[in-house]
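See structure below.
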Amino acid sequence: MDDGNILVRYNHPAVNVVIREVVLDHQKEVEDRHLDGLTEAEVLMTPLGPNKFDDFGKQALLGRAYMFMDAQNPEIVRIHRHQ
């Protein structure tokens, strides 16, 4: 996104936004723990190789981890239906 935030989309009509300031505030933890966002035996192919992520990829994995955490304890704040 133009503002430095990242929009992570999924197959279903759901998205997560990774806020740039959150990443900057927790940059060391994102760097150290980004592979925790992968499921067991999961391999994601990137231009750098299997399960190798640049800063953008690490932030995208953070967004996906948010989705998994939300699935554990969802809190619906708004429903929007296309008419």
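Below, the figures for the structure above:
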quantity	calculated
Inter-residue pairs, beta-carbon under 9 Å, first under 17 Å from Val22 (Cβ atoms) and among the aromatic types (Phe, Trp, Tyr) and in segment 62-83, second surrounded by fewer than 10 Cβ atoms within 10 Å (Cβ to Cβ) and modelled with pLDDT of 75 or more, 6+ apart	Phe68/Thr39
Those residues of segment 47-70 which are in contact with a Leu (Cβ under 7 Å, 6 or more places away or on another chain) and acidic (Asp, Glu), in sequence order	Asp54
Members of segment 57-83 that are loosely packed, with under 10 Cβ neighbours inside 10 Å and under 17 Å from Val8 (Cα atoms)	Ala71
Val43 surrounded by 14 or more Cβ atoms within 10 Å (Cβ to Cβ) and either in a helix (DSSP H, G or I) or free of Cβ contacts under 8 Å to residues at least 24 places away in the same chain (or both)	no
Filter result for the condition that a residue is free of Cβ contacts under 8 Å to residues at least 40 places away in the same chain, acidic (Asp, Glu) and within 17 Å of Asn5 (Cα to Cα), over Asp54, Asp32	Asp54
Any chance His12 is in a loop (DSSP other than H, G, I, E, B) and on the phi < 0 side of the Ramachandran plot	yes
Residue, nearest to Arg78 (Cα to Cα), within segment 1-28, restricted to residues that are exposed (fewer than 12 other Cβ atoms within 10 Å of the Cβ) and at pLDDT 85 or above	Leu7
Sole exception among (1) within 22 Å of Asp2 (Cβ to Cβ); (2) in contact with a Leu (Cβ under 8 Å, 6 or more places away or on another chain) for Gln27, by number	(2)
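The values are calculated or read from the model by the stated rules, or taken from the named source; none is laboratory data. Treat the numbers as computed from the prediction; the structure is a model and nothing was measured. Every residue, glycine as well, gets a Cβ built from its backbone with ideal geometry; the counts of neighbours run over all protein chains shown.
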